[in-house]
Amino acid sequence: MRKLSVQEFGTKVQGVWLKGDRRNPEPETFRVILPGGDIDVVRTSDDDYWIHVRVNVPGRTSHSDATLGKIIDARLDIAGKHASDCDEGDFSHPDLYHLAVRVASRRGHEGH
């Protein structure tokens, strides 16, 4: 397994580039841990990717010292359609191009 390196992708943006090259394999799962949860990018056996957003909740958290979190907002962006007009039925829309999920640590957003 090849070790991933963090790169600069512009002003105030760092990340890793997952290329999906079986000849030079990268980790099957790449995880980012943040206050309140984590994000996993998981390569499937047919070289698609699942992106998982998980928040830390009692009984479902993998480590005991984790800050609890919650999902406080989400958005779908579809070409030609306003985000406020989208709903969960639009996940299969052919013009869907962006998903956004807002995660807050419970210690920082008690009012949401």
- Please work out if ALA104 is small (Gly, Ala, Ser), at pLDDT 95 or above and in contact with a strand residue (DSSP E or B) (Cβ under 9 Å, 6 or more places away or on another chain). no
- Message: For a quick check of your reading: which strands (runs of 3 or more DSSP E) sit entirely within the chain and have at least 1 residues that are without any contact (Cβ under 8 Å) to a residue 12 or more places away in the chain?
- Response: 29-34, 49-55
- Task: Could you grab me the full set of residues in segment 41-55 that are farther than 17 Å from TRP17 by Cα and either touching a Phe, Trp or Tyr at 6+ places or on another chain (Cβ under 8 Å) or aromatic (Phe, Trp, Tyr) (or both)?
- Result: none
- Query: Filtering segment 81-108 down to residues that are closer than 11 Å to GLY37 by Cα and of a type outside the set (D, E, K, R), which residue is surrounded by the fewest Cβ atoms within 10 Å (Cβ to Cβ)?
  - Reply: SER105
- Out of curiosity, is ILE78 surrounded by 10 or more Cβ atoms within 10 Å (Cβ to Cβ), under 30 Å from ARG106 (Cβ atoms) and at pLDDT 95 or above? no
- If we keep just the residues of segment 47-69 that are of a type in the set (A, V, I, L, M, F, W, C) and surrounded by fewer than 14 Cβ atoms within 10 Å (Cβ to Cβ), which is farthest from ARG102 (Cα to Cα)? TRP50
- Among the residues of segment 34-46, is any of a type in the set (Lys, Arg) and exposed (fewer than 15 other Cβ atoms within 10 Å of the Cβ)? no
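The values are calculated or read from the model by the stated rules, or taken from the named source; none is laboratory data. If you're wondering where the values come from, they're calculated on a predicted model, not measured in any experiment. Here the Cβ is made from the backbone with ideal geometry for all residues, glycine too, and neighbour counts use every protein chain on show.
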